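Here's the structure, in structure tokens; my notes come after.
The values are calculated or read from the model by the stated rules, or taken from the named source; none is laboratory data. From a predicted model like this one, the values you see are computed outputs, not experimental measurements. A quick note on method: Cβ atoms are made from the backbone with ideal geometry, for glycine too, and the neighbour counts reach across all protein chains shown.
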Amino acid sequence: MPMESPSGNLWRLQHEWRPLHTRQAAFQACSNSKLDGIVQRLMSSVLPSFAAIQRRQRVHAAVRELLAEQGFRISMDAVAARAGCSKQTLYAQFGSKQALLRSMIDEHLDLTTVRLEDGPGTGNDVRGTLLAFAMEHLAHLCDPSVVATSQLLTAEAHQFPEEAKALYRDGCERLTERLARWLASAMERGLLKQDDPHLAAELLLSMITGLDFERQRFAVPHRRSLAARRRWAEFAVDGFLRAFPPAIGRAAAADAPSIPPQEFQI
């Protein structure tokens, strides 16, 4: 058998290795391509979500402004024009005007009741949680656009009875229900006196609101400053806690500080 020359052996090794090298390169190129595709799909799934959140915020802001200007006569065309999007986009995202209004209300409810989501918690800081809830609720009621919207919707409620009922159900009733669930949990833990949590929730909301929202509606002096609202929130929450002392440690609840009425800060 003739012996191969060194140059022949080198040619054969290069010839046999080249397909393997080519396959490795092709595999690497394919892997990179697949990896790029995965990254692109992940980015495409994240970026539209972020864009959708921004669009939702613009739409909700437009709805709040238009409710104060147009009341129940608000239209999807007006919302789309104010938010800078198409009416088709609104219907694709929300489905209907009522669903859009409910989405806007949900956003407010989530902000107002964020401290109530975790229940009474291990710290048992019932007063702190209710005080934070009261301050958030009062801040919302002190918003001039909320006052203007309330005035207009109240005046139009008899013309749009079904829309008014839906707005009350999606807003007031659901806020009361969320607060009632939190109070029921606190009562089960012995942190508040056992009673009807729904009645207790309605009572607490009435105590927090007081007459200040009516003062704003009639354009008379009200609690405009943060300090004034906090003083009232503490007064209302402490009064509520004295009415519903815990099953254990009633004396501690009875010792809640009493705050005298204050003059309004204009």
Expected single match for assigned to a loop (DSSP other than H, G, I, E, B), of a type in the set (A, V, I, L, M, F, W, C), crowded, with 19+ Cβ neighbours inside 10 Å and modelled with pLDDT of 90 or more among 179, 192, 183 is 192
If you go through 68, 62, the only one that is over 14 Å from residue 89 (Cβ atoms), touching a helix residue (DSSP H, G or I) at 6+ places or on another chain (Cβ under 6 Å) and modelled with pLDDT of 80 or more is 68
Out of (1) modelled with pLDDT of 90 or more; (2) buried (at least 17 other Cβ atoms within 10 Å of the Cβ); (3) charged (D, E, K, R), the one residue 55 does not meet is (1)
So, first residue within 18 Å of residue 54 (Cβ to Cβ) in segment 76-97, second residue in a loop (DSSP other than H, G, I, E, B) and small (Gly, Ala, Ser), Cβ within less than 7 Å, six or more apart or across chains; the pairs are 80/86
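For segment 195-229, give me the residue count where each residue is outside any loop (DSSP other than H, G, I, E, B) and in contact with a Leu (Cβ under 8 Å, 6 or more places away or on another chain).
Residues that pass the stated criteria total 11.
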**Prompt:** Just a yes or no: is a residue in segment 157-164 of a type in the set (Phe, Trp, Tyr), assigned to a loop (DSSP other than H, G, I, E, B) and over 20 Å from the mean Cα position of the chain (by Cα)?
**Reply:** yes
